[in-house]
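To start, the structure under review is shown below, and the notes come after it.
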Amino acid sequence: TPNKPVDFTDVDELIERDIKAGFPGAVLAVVKNGELIKLTAYGDAKQYQQNELMLLRPEPMQTNTLFDLASNTKIFATNFALMKLINE
């Protein structure tokens, strides 16, 4: 059925496991048929000060947290490289 809710429990658990293993945080947005069906923030947006000392209270990730271009480039470059390797 088109309105059946999608279960993202496995994805949520995967991201939470990665955060417990040291990944700082993430924001997941899923769009299906032009409709936003999931928007979730996980972990921390900022854990360290400018001097590389850990913050006493990390800044939690928000669904509107902005990521710098370098963060996005890593994802896209890795995906394109993997797709090329698989294709070859």
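Some points to look at:
- Every residue from the range 27-75 that is within 12 Å of the chain's Cα centre (by Cα), at pLDDT below 90 and among the aliphatic types (A, V, I, L, M): Leu66, Ile75
- Here the range 7-27 is the region considered, the condition is being small (Gly, Ala, Ser) and out of contact with any Gly (no Cβ under 8 Å at 6 or more places or on another chain), and the residue that is farthest from Asp44 (Cα to Cα) is Ala21.
- Answer residue from the range 1-57, given it is basic (Lys, Arg) and loosely packed, with under 10 Cβ neighbours inside 10 Å and is farthest from Phe67 (Cα to Cα) among those: Lys4
- Hey, Thr40 under 30 Å from Lys4 (Cα atoms), in a loop (DSSP other than H, G, I, E, B), β-branched (Val, Ile, Thr) and touching a strand residue (DSSP E or B) at 6+ places or on another chain (Cβ under 9 Å) or not: no
- For the condition surrounded by 10 or more Cβ atoms within 10 Å (Cβ to Cβ), touching a Phe, Trp or Tyr at 6+ places or on another chain (Cβ under 8 Å) and modelled with pLDDT of 90 or more, Met83 does not qualify.
- Unique match (being in a loop (DSSP other than H, G, I, E, B) and either in contact (Cβ under 8 Å) with a residue 24 or more places away in the chain or not basic (Lys, Arg) (or both)) among Asn79, Asn51, Asn72: Asn51
The values are calculated or read from the model by the stated rules, or taken from the named source; none is laboratory data. Here the structure is a predicted model, which means the values were calculated and not measured. When we count neighbours, we look across all protein chains shown, and the Cβ atoms used for this are built from the backbone with ideal geometry, even at glycine.
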